[in-house]
Structures are given as C-alpha cells and as structure tokens.
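Working notes, beginning with the structure itself.
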Amino acid sequence: MGGSGYAIMALRDDDPEVISGAMTAIGWEKPVSQYEKYVADQRAGLRSVLVATVDGEYAGYVTVWWESPYEPFKGIPEIQDFNVLPRFRRRGIGTGLMDAAEALVAERSDVVGLGVGLYADYGTAQRMYVRRGYIPDGRGILYNLKQVPPGELVRNDDDATLMFTKSLCG
C-alpha cells in the first residue's frame, strides 16, 4: 500500500539497523535496540509498525500501540512514535502513514488516541493532527503520562504532552 512514489509495509526483521542509521544520520538518538523491541512487540501482537519507503529507501514510520500506557486510553489504541525523515517531508508520506495507521486501528476500534509534544519542533504534527480531526482529551498537560496540576512547573521536553483522540466512525 502507499501513494504516489512511496510504499508502506509492516516493519521487517532487517529494518532496525536501517532505521536507526537513518535517524543517527540526522542527529536523532534512536538506537537499534528500540526498533528490535518494535519487531518483538509486533510479533507478540502488542504493536504494529508501518514503514514508508521511497524507491526502496527508508523514509519514515509510525507505530500503533494496541494497549496504550495512558490510563484514560484504556481500550483505545494509541498512535506513537511517528517520524518522517526531513528530506522526505511534504510529499504526502506522513499523511499516507497516518491514513494507514488509522485504517489499521479502525479494524479493531472506533477511536484512536495519540500524544503530541508541546514545543515548536512538534508544531507541524500539532497542526496535522487537528486538521485530521483529533481533539484534546480535556485532561490538560501531561508529564510522563501524569497530569500536571495547575501551578506546577515541568520541563518542556519530549515527556511533556497533550493527548488527543479521534473518532474513526463516519
């Protein structure tokens, strides 16, 4: 499956080194072990991982965690760890990955969830999710998946998130 100029398929056993190497090349700390765990999770049915390629070259991926660790999402699959390499952006690959992930979730659930970071590097993702119909779950800012009480200070890093859901019906 895929769109014009790209293909999307399930994560394969030989993908971890390729993906980790591509991430390292752009300065992102994503070790091979992370993707080896994804392969094991996928085999165990805990997670599904969709990988996009352009002319056989790795371009991006998204994962669906079937049992979200976020307690309010109990029973709601969560899209996690969505990345498209910068040189492959603005070609519809991210949209294709999200379409494929949502279609996969829709086979099992009427609702999908996701979390997004709060700093500017997440700006494109924040806007994409809202355009796709995701709405905040109304629980405010989380840090390490725990609600941040009013007045409490937290570090604005990858662990500070806002959680969203989307209905996949109609």
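Numbers for the structure displayed
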quantity: Distance between the range 48-83 and the range 110-169 - C-alpha centres, whole angstrom; calculated: 15 Å
quantity: Two-decimal ratio, the chain, of alpha-carbon radius of gyration to 2.2 N^0.38 Å; calculated: 1.02
quantity: Highest-first arrangement of 118-128, 69-79, where packing means the average Cβ count within 10 Å; calculated: 69-79, 118-128
quantity: The chain, relative contact order in percent, only Cα pairs under 8 angstrom and at least six apart counted; calculated: 17 percent
quantity: Net length gained if the chain between residue 89 and residue 157 were fully extended (0.36 nm per residue, minus Cα distance); calculated: 22.2 nm
quantity: Within straight-line cross-link reach of residue 146, lysines at Cα separation under 18 Å, skipping those fewer than 8 residues along the same chain; calculated: 74
quantity: Helix-only mean residue ellipticity at 222 nm for the chain, each DSSP H run of n ≥ 4 adding -39500 (n - 2.57), per residue, nearest 500; calculated: -8500 deg cm²/dmol
quantity: Burial order of peptide ranges 80-86, 155-161 (average beta-carbon count within 10 Å, highest first); calculated: 80-86, 155-161
quantity: Rounded D (µm²/s) - the range 1-83, Kirkwood Rh over Cα pairs, Stokes-Einstein at 25 °C, 0.890 mPa s; calculated: 184 µm²/s
quantity: Cα centre as origin, Lys/Arg/Asp/Glu Cβ charges: the range 7-167 dipole, Debye; calculated: 520 debye
quantity: Sorted by Cβ density within 10 Å, fewest first, the residues 165, 24; calculated: 24, 165
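Read-outs: derived from the displayed coordinates by stated rules, not from any lab. Fair warning: this is a prediction, and the values are worked out from it, not measured in the lab. Quick reminder, even Gly has a Cβ in these numbers, built from the backbone with ideal geometry, and neighbours come from all protein chains shown.
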